[in-house]
Amino acid sequence: MEKNDRPGTGEEVEAVAQKDAEDIDGKRMQRLKQSLDLSLEKFYSSIKFSLFKEQLRPLYEHQPQALKKMHAQLLAQLKSNVSEEITWMLKEENIGKLLNGLNDQIDENPEKGKKGWRPSGNAAQDVLAHTAPYKLREKERLQGILSDLQSQNKLLKDALRARQTKLQHTQQRVEQKAQHWKQIDEMADRFDIDEAKKFLVKYSNYSCIR
């Protein structure tokens, strides 16, 4: 036998066995088993002999002791089968080491030592942690829409201001033209055609106006 294959001392073997037992039956594993035991006890207690007696009344009337023995044997066999199945499942799925591995995750958790969240009793306050992210995203979306609307509103205001300025210039030119034609109209009203004819007759012989 190679040196490495030799068994250790009695203390070493005992220490390894104790470590394996701790790995399999750590505190969390023990709590799980306790919880399973409590649940199974409640389940087993529901399998009452009165159910057998009610469903198998003819047998109970003729052989009550045999029915009691049958009930006890069935219950014992059920407990044995369930226990074996649970033991096999815990071993097969390596539940013990997985539960013990939670200790390492807890130790590595940066939130370790901080008080865990608990409901305050105020439902509206408690749901804020769940609704706040959605509301923040909705707020950002609405702010984006508002920003777009404000930009469009500014463009419309600028276009309206430019149009108003153009209309004012056009109105000023129209008023100037109207004033000009008004002056011409006033001059036409003051013009005397008879005086003009006399003027032409009077000065028609002058070469300067020929």
Of all residues in the range 95-145, which are modelled with pLDDT under 85 and among the hydroxyl-bearing types (Ser, Thr, Tyr)?
120, 131
Scanning the range 4-61 for residues that are farther than 28 Å from residue 95 by Cβ and among the hydroxyl-bearing types (Ser, Thr, Tyr), the one modelled with the lowest pLDDT turns out to be 9
Right, residue 137: outside any helix (DSSP H, G or I), free of Cβ contacts under 8 Å to residues at least 12 places away in the same chain and loosely packed, with under 11 Cβ neighbours inside 10 Å or not?
no
State whether one or more residues within the range 116-124 are more than 23 Å from residue 28 (Cα to Cα) and in contact (Cβ under 8 Å) with a residue 12 or more places away in the chain.
no
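The values are calculated or read from the model by the stated rules, or taken from the named source; none is laboratory data. Only a predicted model underlies this, so the values are computations on that prediction, with no experimental measurement involved. Because the Cβ atoms are built from the backbone with ideal geometry, glycine has one as well, and the counts that use them run over all protein chains shown.
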